[in-house]
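A.B. asks: Mind having a look at this structure? Questions to follow.
The values are calculated or read from the model by the stated rules, or taken from the named source; none is laboratory data. On a predicted model such as this, the values are computed, not experimentally measured, just so you know. So basically every Cβ, Gly included, is an ideal-geometry build from the backbone, and we count neighbours across all protein chains shown. We work out accessible area using only protein heavy atoms, side chains counted, and drop any ligands, DNA or RNA first. Shrake-Rupley method; radii C 1.70, N 1.55, O 1.52, S 1.80 Å.
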Amino acid sequence: MFVVPESEIAGLVSPAQCFEAVEAVFSAMARDEAYNFPVIRESIGHADALYGFKSGFDRAGKVLGLKSGGYWPGNVEKGLANHQSTVVLFDPDTGRPAALVGGNLLTALRTAAASAVSIRHLARSDSRVLGLLGAGHQSAFQMRAAAAERPFEKVVGWNYHPEMLPRLAETATELGLPFEAVSLEDLGAQADVIVTISSSFAAQLLDAHVRPGTHLACMGTDTRGKQEIDPAIFARARVFTDEVAQSLSIGEAQHAVAAGLIGADDIVQIGGVINGTVPGRQSDDDITLFDGTGVGLQDLAVAARAVAAARAKGVAVEVDL
Ligand code: NAD
């Protein structure tokens, strides 16, 4: 099997390659050629950690495996990232382990790729202002990937902790875009595309903030109880997701469904839009909402690309297990 250490991941797969990998696996999921296994996520009663597995099999791409990891809040004091993950790939023909891959950077890249896929397929083509709600570790990846999808002319941002907003300004500068820190009212009033990427447990963006025509990529909610937006927005939006089962259980839609504002049948797998089998945005006035919950197949897809690139570059370490 091959080991691709975290330190080698940067530079192995570009955001564009991650986009391609994630779009392909969403498409395969909608064709029933790839599926995720149920997610396990447990509070382990040690080090305040949340630990779990996301796994699946992509028959179309012949990728089988799992991502294991979670959240260790005390890591930052040890000079480590709080989010830790590792991907293990198996040979689908034999069950033999094929690769062990550092999953931290890949998680950020595949998450940003998912919202970028939603922007490409659902946002208005004349979108010019990008909005960010959230300014943590993932936000820079999100902004970069979103900026590649439309000729944005400006970035506006809001964060629960305003002292973190300079991070968004830095990334916007790197992209050559002006940045404005705004109120939530202004975020909704100015932005054509809004990416939410916070660890909030209560609605921040309210129904009254969101204009017709907006595309929302809700990326922060990946656990039961988390929440970034007013569930009422779901009632007037066309709702899309990576996987309906996760959207209902751990995604942003969990709250709108619990409140009876929408049902499972109102949530459309984005792969169908990619494949052209279900409609996406139907009018410039539609609010489109992508509930990006983060599926294991995304991790496997980008990890498989990273292994191929590492082998080609000679930086994958071969071990006999
Ligand atoms: P981070 O810890 O670096 O940043 C946290 C962000 O949430 C900051 O903007 C912070 O100001 C904000 N925040 C913290 N407490 C808050 C509160 N009480 N109310 C509102 N906002 C609050 O985290 P990150 O790595 O940037 O991840 C952001 C979120 O994205 C997390 O919830 C994480 O689990 C989620 N995530 C989702 C996916 C996916 O596939 N959908 C993948 C990776 C991360």
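A.B. asks: Treating cross-link reach as a plain straight distance, find the aspartates and glutamates whose alpha-carbon is under 18 Å from the alpha-carbon of K78, omitting any fewer than eight places away in the same chain.
C.D. replies: E6, D48
A.B. asks: Modelled label-to-label distance, K313 and Y160, 7 Å Cα→beta-carbon offset: nm?
C.D. replies: Label-label distance for K313 and Y160, simple model: 3.5 nm.
A.B. asks: Rule-of-thumb check for region 182-228: C-alpha Rg over 2.2 N^0.38 Å?
C.D. replies: On the way: Rg = 10.7 Å, N = 47, 2.2 N^0.38 = 9.5 Å.
Dividing the Cα radius of gyration by 2.2 N^0.38 Å gives 1.12.
A.B. asks: How big is region 164-311 in terms of Cα radius of gyration and Dmax, in angstroms?
C.D. replies: Reported Rg and Dmax, both Å: 16.4, 51.
A.B. asks: If you don't mind, there's one more thing I want to ask. Report the paramagnetic label zone for K62: residues of region 87-118 whose backbone N is under 11 Å from a point 7 Å from Cα along the Cα-to-Cβ axis.
C.D. replies: 91-94
A.B. asks: Going by average Cβ density within 10 Å per residue, which order do the peptides 2-10, 125-133 take, highest to lowest?
C.D. replies: Numbers: 2-10: 16.4, 125-133: 20.9.
With the highest mean Cβ count within 10 Å placed first, the list reads 125-133, 2-10.
A.B. asks: Give, rounded to the nearest 20 debye, the magnitude of the charge dipole that region 11-159 has about its Cα centre when Lys and Arg contribute +1 at Cβ and Asp and Glu contribute -1 at Cβ. It would help to have the intermediate numbers written out before the result.
C.D. replies: On the way: 15 positive and 13 negative charges, 46 e Å.
The dipole magnitude comes to about 220 debye.
A.B. asks: When the dipole is taken about the Cα centre of the chain, and only Lys, Arg (+1) and Asp, Glu (-1) are charged at their Cβ, what size is it in debye, to the nearest 20? Walk me through the intermediate numbers first.
C.D. replies: Numbers: 25 positive and 38 negative charges, 94 e Å.
Using Cβ point charges on Lys, Arg, Asp and Glu, the chain gives about 460 debye.
A.B. asks: Next up: Where in region 80-104 is the amide nitrogen less than 20 Å from a point lying 7 Å along the Cα-to-Cβ axis of L50?
C.D. replies: Residues 80-87, 103-104 qualify, since their backbone N sits under 20 Å from the label point.
A.B. asks: At 37 °C and a viscosity of 0.692 mPa s, what translational diffusion coefficient does Stokes-Einstein give for the chain, taking Rh as the Kirkwood radius over Cα pairs? Give it in µm²/s as a whole number.
C.D. replies: 166 µm²/s
A.B. asks: Distance check, please: which entries in K67/K226; K226/K313; K62/K226 exceed 29 angstrom between their Cα atoms?
C.D. replies: Numbers: K67/K226 21 Å; K226/K313 40 Å; K62/K226 33 Å.
Over 29 Å Cα-Cα: K226/K313; K62/K226.
A.B. asks: Rounded, prolate or oblate: which fits region 98-247, taking a ≥ b ≥ c as square roots of the Cα gyration tensor eigenvalues, rounded meaning a/c under 1.5, else prolate when a/b beats b/c? Present the calculation step by step, with values, prior to reporting the outcome.
C.D. replies: Working: a/c = 1.32, a/b = 1.09, b/c = 1.21.
Rounded.
A.B. asks: Collect residues whose amide H, placed 1.01 Å from N in the peptide plane, falls under 5 Å from the amide H of Q227; neighbours closer than 5 in sequence don't count.
C.D. replies: Under 5 Å from the amide H of Q227 lie the amide H atoms of S200, F201, A202, each far enough along the sequence or on another chain.
A.B. asks: How high is the FRET efficiency between R236 and A259 when r is their beta carbon distance and R₀ equals 22 Å, given to the nearest 0.05?
C.D. replies: On the way: r = 14 Å, r/R0 = 0.63.
According to the calculation, E is roughly 0.95.
A.B. asks: Moving to a separate point now. Can you give me the % of accessible surface on the chain that is carbon or sulfur? Probe 1.4 Å, all protein chains present, nothing else counted. Could the numbers behind the result be given before it?
C.D. replies: Working: 7300 of 13600 Å².
On the chain, the fraction of accessible area on carbon and sulfur atoms equals 54 percent.
A.B. asks: Can you tell me the order of 217-224, 250-257, 67-74, 15-22 when each peptide is scored by its average per-residue count of other Cβ atoms within 10 angstrom, highest first? Walk me through the numbers on the way to the answer.
C.D. replies: On the way: 217-224: 23.0, 250-257: 24.6, 67-74: 18.1, 15-22: 20.6.
Top to bottom by mean Cβ count within 10 Å: 250-257, 217-224, 15-22, 67-74.
A.B. asks: Distances over 16 Å make up what percent of all Cα-Cα pairs in region 265-321?
C.D. replies: Details: 1037 of 1596 pairs.
Taking all Cα-Cα pairs of region 265-321, the fraction more than 16 Å apart is 65 percent.
A.B. asks: Right, here's the next one. Could you identify which residue out of A135, A189, A145 has the top mean-square fluctuation in a GNM of the chain using Cα springs shorter than 10 Å?
C.D. replies: A189
A.B. asks: Something else now. Between E33 and D266, how many nm apart are label points set 7 Å from Cα along the C-beta direction?
C.D. replies: According to this spin-label approximation, the distance is 3.3 nm.
A.B. asks: Report the Cα centroid-to-centroid distance between region 231-245 and region 86-127 in angstrom, as an integer.
C.D. replies: If you average the Cα positions of each part, the centres end up 22 Å apart.
A.B. asks: Right, next: Please state the shape class of region 1-83: rounded when a/c is under 1.5, otherwise prolate if a/b exceeds b/c and oblate if not, all from the C-alpha gyration tensor. Write out the running numbers ahead of the final one.
C.D. replies: Details: a/c = 2.49, a/b = 1.47, b/c = 1.70.
Since a/c reaches 1.5 but b/c is at least a/b, the shape of region 1-83 is classed as oblate.
A.B. asks: What is the distance in Å between the Cα centres of region 20-47 and region 262-306?
C.D. replies: 13 Å
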